[in-house]
Amino acid sequence: MINFLNLYKINECYRKEIDNKIKNILDSGWYLLGKECENFENNYAKYIGTKHCIGCANGLDALRLIINGYGFKEGDEIIVPSNTYIASILAISQNGCTPVLVEPDIKTYNINPELIEEKITPKTKAIMVVHLYGQAVQMEKVWELAKKYNLKIIEDSAQAHGAGLNINGIFKKTGNLSDASGFSFYPGKNLGCLGDGGCITTNDDELAQKLRALRNYGSEKKYHNLYKGFNSRLDEIQAGILDIKLKHLDEDNEKRRKIAKFYRENIKNKNIILPETYDEKSHVWHIFGIRTERRSELQEYLSKNGIQTLIHYPIPPHKQPAYREWNDLSYPVSEKIHNEILSIPISPVLTVDEAEKVTEVLNEWH
Ligand SMILES: *Cc1c(COP(=O)(O)O)cnc(C)c1O
């Protein structure tokens, strides 16, 4: 059986270092907001290229905290892609703001920048871009619109640790392409911990200071509450583990790129559409999504041949019971993607033999 993702195998690579780290933290007697968190925040900010990194409890909270930190509230509109994972949209709703859905580009699966401007109203406060499946959004048009209409840009980088764009010859990473970015360290992400974790990266000093308070009950000083804050902290054990794995992130992403390149060069089947990318560095292949009109048939065929696949995602947000008010709306590009996309195995621990087997089985499908 070729697993979609073998998390045990991924973390087993760092077993000794992780065991040691956990032991040291246990011995230290300090488990929250201590030197492991601070150290990881410094190293992650350096890695992304931002002035600040603020650890928090998960990726959803990272986005919720940003929106709350900017003071967006009831009636404010935030633009977001219609095919994103539900968390991006929940972060907006949970702050009382209105998510305004914009269709993706069928080639990149990222928000279609050409469709944003027509959705901007006097109530629009921000554009949330999502670097979906690990591919950085082409930001030029988004930057231009944010400037023209005085909007904030928020990145949802939960699937894109280490991806980036070449801007005038300088490589800028996702998480450093906007006013503030949310990351998730959910175990299955490109940089994942052994539980829940997340962070915010930003160059905005004022926001960073506020977020440090907001994640900890709104207090800068214990029992003095400046804001109606959250409890959303990155614990010492997760921060310590993330710091170990961060050192290998680029290497791990390169392994994913190698597999993606192999798939793109060798999967040849007229019934299957392969994902496209602009350039190597813009994509870290969190997901390798192929498309076919006969998805359930293909998924069953792969499963019979010992290949596990997943669907990211089977139901678009506007068709979810949670967003009943949108159920009658139509977003045809999103719906097409949700009906056709299928994620095949890709990870730093997928072997060449396994990638060859997946390719061979796919090429024999008709
Ligand atoms: C995983 C994910 C999130 C949420 O992260 P959690 O840590 O699970 O809360 C948000 N947005 C996207 C695009 C994600 O893939």
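The values are calculated or read from the model by the stated rules, or taken from the named source; none is laboratory data. Everything numeric here is computed off the predicted structure, so don't read it as measured data. When we count neighbours, we look across all protein chains shown, and the Cβ atoms used for this are built from the backbone with ideal geometry, even at glycine. Note: accessible area is taken over every heavy atom of the protein model, side chains too, but ligands, DNA and RNA are not part of it. Shrake-Rupley method; radii C 1.70, N 1.55, O 1.52, S 1.80 Å.
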Checklist outcome for this item: Per the filter on the range 64-91, residues open to solvent by 10 Å² or more (accessible area, probe 1.4 Å), within 16 Å of the ligand (Cβ to nearest atom) and over 15 Å from the mean Cα position of the chain (by Cα) are Asn68
Checklist entry - So which residues in the range 234-253 are buried (at least 20 other Cβ atoms within 10 Å of the Cβ) and either assigned to a loop (DSSP other than H, G, I, E, B) or without any contact (Cβ under 8 Å) to a residue 12 or more places away in the chain (or both)? => result Leu234
Next on the checklist: Name the residue that is nearest to the ligand (Cβ to nearest atom), counting only residues in the range 169-215 that are surrounded by fewer than 20 Cβ atoms within 10 Å (Cβ to Cβ) and assigned to a strand (DSSP E or B).
Outcome noted: Lys172
Item to check | Filter result (in contact with a Gly (Cβ under 8 Å, 6 or more places away or on another chain) and open to solvent by less than 50 Å² (accessible area, probe 1.4 Å)) within the range 25-43 | outcome: Ile25, Glu36, Cys37, Phe40, Glu41
Item to check | Residues satisfying the stated conditions in the range 117-141, i.e. among the β-branched types (Val, Ile, Thr), surrounded by fewer than 24 Cβ atoms within 10 Å (Cβ to Cβ) and part of a loop (DSSP other than H, G, I, E, B) | outcome: Ile120, Thr121
Item to check | Residues satisfying the stated conditions in the range 31-63, i.e. within 16 Å of the ligand (Cβ to nearest atom) and part of a loop (DSSP other than H, G, I, E, B) | outcome: Ala57, Asn58
